[in-house]
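Have a look at the structure below before the remarks.
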Amino acid sequence: ILNIKMENPSQANLSIFDIYGKKVLEKININQDEIQLSTSNFSKGIYFLKIEMEGKGLVQKFIKM
């Protein structure tokens, strides 16, 4: 489980990409301050979480073990 906490969310878009740049998950128009994403279907490896909100973006790397 990947836990994400956001302050003052307003229509955020979340995407997860594998190390090769392939999009493996996408959630659009999320307005929750706490989100839990299951990674049980992901293979072990390095992934990138991209959060886009109000014209700004953030990318965070995580490792599925």
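Of all lysines in the structure, the ones whose alpha carbon falls short of 18 Å from that of K44, not counting any fewer than 8 places away in one chain, are K22, K23, K61, K64.
The mean sequence distance of close C-alpha pairs (under 8 Å, at least 6 residues apart), as a share of the length of the chain, puts its relative contact order at 36 percent. Basic side chains Lys and Arg get +1 at the Cβ, acidic Asp and Glu get -1 at the Cβ, and with that the dipole of the chain about its Cα centre reaches some 360 debye.
Counting only protein heavy atoms and a 1.4 Å probe, tell me what percentage of the chain's accessible area is made up of carbon and sulfur. Answer for the chain: carbon and sulfur cover 47 percent of the accessible area.
Given Q60, N31, Y47, which one lies farthest toward the positive end of the charge dipole of the chain, if we put +1 on the Cβ of every Lys and Arg and -1 on the Cβ of every Asp and Glu? The residue sitting farthest along the positive end of the dipole is Y47. Here are some values of Rg and Dmax of the Cα atoms in Å: [x] 11.5, 32; [y] 12.3, 38; [z] 12.5, 35. Which one was computed from this structure? This structure yields the entry labelled [x].
The values are calculated or read from the model by the stated rules, or taken from the named source; none is laboratory data. Bear in mind that the values here come from a model prediction, so they are computed numbers and not experimental data. Ideal geometry is used to build each Cβ from the backbone, glycine not excepted, and the neighbour counts take in all protein chains shown. SASA here: full protein model, heavy atoms, side chains in, ligands and nucleic acids out. Shrake-Rupley method; radii C 1.70, N 1.55, O 1.52, S 1.80 Å.
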